[in-house]
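The values are calculated or read from the model by the stated rules, or taken from the named source; none is laboratory data. This one's a predicted model, so the numbers in the text were calculated from it and none came from an experiment. Every residue, glycine as well, gets a Cβ built from its backbone with ideal geometry; the counts of neighbours run over all protein chains shown.
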Amino acid sequence: MKFLLLSLSFIIFLGSHAQDSFTRCKYFGLELGPNFSTILYNSSQVSANSSISGKIGMTAGINYENVFKPRISIKYGFLLERKGAVFSTSSFWFASSETVKLNYFVIPILVSYNNLAGMYCNLGPYAGALFLDNLNFKRFDLGAVFGVGVKFKISKNVLFDIGVKENLGLMNVKTTEPMGCRNNSILLNFSLKFKM
């Protein structure tokens, strides 16, 4: 939570110093950044001597943005996202932990509202395809994305974009859990965008 608040404060500070407005155009970008992910279970599914903690991962990929109005754009991405969590169990006799490692190809489709200083907020769905895991998880994930960020003009045709977003899973991703468990991740993303 502290990470998210600090990141949002930093982006707001940067946005107040951003450059001029962004007009209608299209951008192709390269995206990279760390993420913090966990798996959300119903509280009734976690025993008193068990706990779930988050895991640091990485997100990388490409994105495309179509600014079709000065303040509205549509963003698409094709990203590799490493998610997971750490499950810990302890008792009087022993303690153990297991790290869940999930690797997804994620495609977000976002509507973005941009102000004239370069700050923006995103909202939209994402679809994820699991291609590598170490446990019995479903191959498909679906969720919602919320985020904020700021864009800076480096040159006439190049932007630097920094943002924070949350990928909140909306479907059960584990085959052996009828009550359901969902992915959740918070991402700090850096993107270099080139005008097309």
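Odds and ends about this structure:
- From the list N167, N63, the one residue that fits, being over 14 Å from N183 (Cβ atoms), touching a residue at least 60 places away in the same chain (Cβ under 8 Å) and polar (S, T, N, Q), is N63.
- Subset of segment 111-130 that is over 12 Å from the mean Cα position of the chain (by Cα) and surrounded by 17 or more Cβ atoms within 10 Å (Cβ to Cβ) - its residue that is farthest from I39 (Cα to Cα): A117
- Boolean, L187 is more than 21 Å from N35 (Cα to Cα), in contact (Cβ under 8 Å) with a residue 60 or more places away in the chain and in a strand (DSSP E or B): no
- Those residues of segment 40-57 which are exposed (fewer than 13 other Cβ atoms within 10 Å of the Cβ) and at pLDDT 75 or above, in sequence order: S53, I56
- Filtered residues of segment 131-167 (kept if under 20 Å from L102 (Cβ atoms), surrounded by fewer than 16 Cβ atoms within 10 Å (Cβ to Cβ) and of a type in the set (A, V, I, L, M, F, W, C)): F131, L132, L135, F140, L142, A144
- Any hit, segment 2-14, residues being assigned to a strand (DSSP E or B), β-branched (V, I, T) and at pLDDT below 85: no
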